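The values are calculated or read from the model by the stated rules, or taken from the named source; none is laboratory data. It should be emphasised that the depicted structure is a prediction, and the values quoted were computed from it without experimental measurement. Positions of Cβ are generated from backbone atoms using ideal geometry, with glycine treated the same way; all protein chains shown enter the neighbour counts.
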Amino acid sequence: MTRDIIDINDFIILVEEAKVNEATIDSCSFEEPLIAVAFYGSGNVDLKVKYGDKQKDFNHTKGLALSFFADDKVEFIHTVSSAKPLECLVIATSIKALDKLPNQEGELFGDMLGELVNPSDHYVEGPHFIMTPEMQAIVDGLFNIKYEGKTKMMFFRSQITTLLSHFFGQLASLKTEKINPQERSKLNWAKDILLENIDNPPSLSELSKQIGLNTFKLKKDFKAYFGVPVFKYLQNERLTLAHKLIRNQDATVQEAAWHVGYDSLSSFSNAFAKKFGYRPSQIK
């Protein structure tokens, strides 16, 4: 389990990563009041936010972008297991540092996260949503940086700025889309079904019946919530998993293709090249 803290301008970046063999509780808190956005990579860990006698639970964290205000009375608790490794990236700043942020970033926080700039409790939850594939790719890349030294920090700094830009851009577009909590729960359920059956997913009509949303609403709301159509999301997840298997030498190219549900190696290779810009055989 690793936890790194990096200062970039007036942002505090917390990078947490944990891979364990047995279920483990990872708890953290902040020493001062902060406004933050947490970005979750792979793992789908369970998260509990405890403050006083209150508690908020998140059971679908993979791909989650969560904005919040928290002071030193708030505890963030992750339940990590072998099947649910932790990858969490937190970009935070103090309220007093907002005016010092470069490129008028402080104004963005004030305009779009006003409830966090003027908090009413120890923990105030701001907007949260599932990241777009572009945001997810940035987060995955930040947990798999191949550079070292000053080059690594230069890359890290540039990607943090890009990630925040995507966050505020997506937040602006989502303000026009309203999906109620019950439907969000069903959409998360649909996502979990796809990921649990990544090599042999149900058809759209079967998925619709399982979660209790008609096909039209499933297609419309899934794209609004996750940023891409149902099976485009599935393809992105398949290719991302295959990339990880090959990169970590856990599978050959052929084995990775089979593992994520591709019967045709050429179809897999073409889809892979279209997403990443190079073929799976070129991974080193």
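Hey, could you check region 66-120 for residues that are among the acidic types (Asp, Glu) and farther than 21 Å from Tyr51 by Cβ and say which is surrounded by the most Cβ atoms within 10 Å (Cβ to Cβ)?
Checking each candidate, the answer is Glu87.
When region 264-284 is examined, which residues are found to be in a loop (DSSP other than H, G, I, E, B) and modelled with pLDDT of 90 or more?
Once the filter is applied, which keeps residues that are in a loop (DSSP other than H, G, I, E, B) and modelled with pLDDT of 90 or more, region 264-284 yields Ser264, Arg279.
Looking at Phe143, Phe155, Phe168, can you tell me which residue is touching a strand residue (DSSP E or B) at 6+ places or on another chain (Cβ under 7 Å) and surrounded by fewer than 19 Cβ atoms within 10 Å (Cβ to Cβ)?
Numbers: Phe155 fails: touching a strand residue (DSSP E or B) at 6+ places or on another chain (Cβ under 7 Å); Phe168 fails: touching a strand residue (DSSP E or B) at 6+ places or on another chain (Cβ under 7 Å).
Residue meeting the stated conditions: Phe143.
What do you reckon, is Ile145 part of a loop (DSSP other than H, G, I, E, B), without any contact (Cβ under 8 Å) to a residue 40 or more places away in the chain and either more than 15 Å from Ser67 (Cβ to Cβ) or among the small types (Gly, Ala, Ser) (or both)?
Criteria met by Ile145.
Based on what the data block shows, is Phe129 of a type in the set (A, V, I, L, M, F, W, C), outside any helix (DSSP H, G or I) and buried (at least 19 other Cβ atoms within 10 Å of the Cβ)?
yes
Within region 23-32, is there a residue that is surrounded by 13 or more Cβ atoms within 10 Å (Cβ to Cβ) and aliphatic (A, V, I, L, M)?
Among the residues of region 23-32, not one is surrounded by 13 or more Cβ atoms within 10 Å (Cβ to Cβ) and aliphatic (A, V, I, L, M), which makes the answer no.
State whether the residues of region 220-228 include one that is under 24 Å from Ser42 (Cα atoms), surrounded by 15 or more Cβ atoms within 10 Å (Cβ to Cβ) and basic (Lys, Arg).
Within region 220-228, one or more residues are under 24 Å from Ser42 (Cα atoms), surrounded by 15 or more Cβ atoms within 10 Å (Cβ to Cβ) and basic (Lys, Arg).
Any idea which residue in region 37-86 is modelled with the lowest pLDDT, counting only those that are of a type in the set (A, V, I, L, M, F, W, C) and not in a strand (DSSP E or B)? Walk me through how you get there before you give the answer.
As a first pass, look at region 37-86 and keep what is of a type in the set (A, V, I, L, M, F, W, C): 37-39, 45, 47, 49, 58, 64-66, 68-70, 74, 76-77, 80, 83, 86.
When the remaining residues are screened for being not in a strand (DSSP E or B), the result is 45, 83.
Working: Val45: 89, Ala83: 83.
So the residue we want is Ala83.
Which residue pairs have Cβ atoms under 6 Å apart, sit 6 or more places apart or on different chains, and have a first residue in region 1-21 that is within 20 Å of Ser67 (Cα to Cα) and in contact (Cβ under 8 Å) with a residue 40 or more places away in the chain and a second that is of a type in the set (Ser, Thr, Tyr) and buried (at least 16 other Cβ atoms within 10 Å of the Cβ)?
Asp10/Thr93; Phe11/Thr93
Need the failing condition index for Ile138 against (1) buried (at least 17 other Cβ atoms within 10 Å of the Cβ); (2) assigned to a helix (DSSP H, G or I); (3) out of contact with any Ser or Thr (no Cβ under 7 Å at 6 or more places or on another chain), just the number.
(3)
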